[in-house]
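Notes follow once the structure below has been shown.
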Amino acid sequence: MIRFVLHRPRSSQNIGAAARALANTGAGTLWTVEPIGFDRAQAAKLAAGADRVLEGMRVVRTLDEALEDCVDVVMTTGRPVPGALDPRATARRLLDSAGEVALVFGDEVNGLTNRELRRRRRPRRSGRWPTRSCSRCCGNAPASCCRVSGS
């Protein structure tokens, strides 16, 4: 099972959009690390029928807690990173892993820091969704990854 981890998301609506993508594809579970000012009503507006995913969402205080027990972790970034995986390779790698795995998205303003990217194995370059694009980072990128992993 893939954990879709939103690290410090700033928009409740982006959490809702990610929940909807997960509900539509069944690609995994939703985890959030320190969601800033989370408003469930705002999230539900974009979740559109994904109440079950929102209710099951795990909210944790640290990234370490979200990644605990994962056998593999892929971090995403909009920046070029040597050796980064493309979306299909990411999906194949995570789906082929035995055990819990995680796909981590940074916040909508700054994305994941270089330090956060270095702490885990291999980043995936989310080339079409630069981390500086607020709604695309936590909204559309998880949706696209859900489609790739569900195909």
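Here are a few things to note about the model shown:
- Condition check for Gly106: modelled with pLDDT under 90 and more than 14 Å from Ile2 (Cα to Cα): no
- Residue count for segment 24-54, restricted to those that are touching a strand residue (DSSP E or B) at 6+ places or on another chain (Cβ under 9 Å) and either within 19 Å of Thr90 (Cβ to Cβ) or part of a helix (DSSP H, G or I) (or both): 7.
- Flag for Ala21 being crowded, with 18+ Cβ neighbours inside 10 Å, among the small types (Gly, Ala, Ser) and either assigned to a loop (DSSP other than H, G, I, E, B) or under 12 Å from the mean Cα position of the chain (by Cα) (or both): yes
- Among residues of segment 55-81, those that are surrounded by fewer than 20 Cβ atoms within 10 Å (Cβ to Cβ) and either in contact with a His (Cβ under 7 Å, 6 or more places away or on another chain) or assigned to a strand (DSSP E or B) (or both), counted: 4
- Filter result for Ser133 (within 15 Å of the chain's Cα centre (by Cα), farther than 17 Å from Val71 by Cα, crowded, with 23+ Cβ neighbours inside 10 Å and at pLDDT below 90): no
- Scanning segment 46-55 for residues that are modelled with pLDDT of 90 or more and touching a helix residue (DSSP H, G or I) at 6+ places or on another chain (Cβ under 9 Å) yields Ala47, Ala50, Asp51, Arg52, Val53, Leu54.
- In segment 82-98, residue surrounded by the fewest Cβ atoms within 10 Å (Cβ to Cβ) [restricted to those that are touching a Pro at 6+ places or on another chain (Cβ under 9 Å) and among the small types (Gly, Ala, Ser)]: Gly83
- Of the residues making up segment 99-108, those that are surrounded by 14 or more Cβ atoms within 10 Å (Cβ to Cβ) and part of a loop (DSSP other than H, G, I, E, B) number 3.
- Residue match in segment 58-71 (condition: at pLDDT below 90 and not small (Gly, Ala, Ser)): no
- Only a single item in (1) touching a strand residue (DSSP E or B) at 6+ places or on another chain (Cβ under 7 Å); (2) of a type outside the set (A, V, I, L, M); (3) without any contact (Cβ under 8 Å) to a residue 24 or more places away in the chain is not met by Pro80, and it is number (3).
- In segment 2-17, the count of residues that are under 12 Å from the mean Cα position of the chain (by Cα), of a type in the set (D, E, K, R) and surrounded by 16 or more Cβ atoms within 10 Å (Cβ to Cβ) is one or more.
- None of Arg92, Arg88 is in contact (Cβ under 8 Å) with a residue 40 or more places away in the chain, of a type outside the set (Phe, Trp, Tyr), in a helix (DSSP H, G or I) and farther than 26 Å from Pro35 by Cβ except Arg88.
The values are calculated or read from the model by the stated rules, or taken from the named source; none is laboratory data. The structure presented is a predicted model; accordingly, all values stated were derived computationally and were not measured. Heads up, the Cβs are rebuilt from the backbone with ideal geometry, glycines too, and the neighbour counts pull from every protein chain shown.
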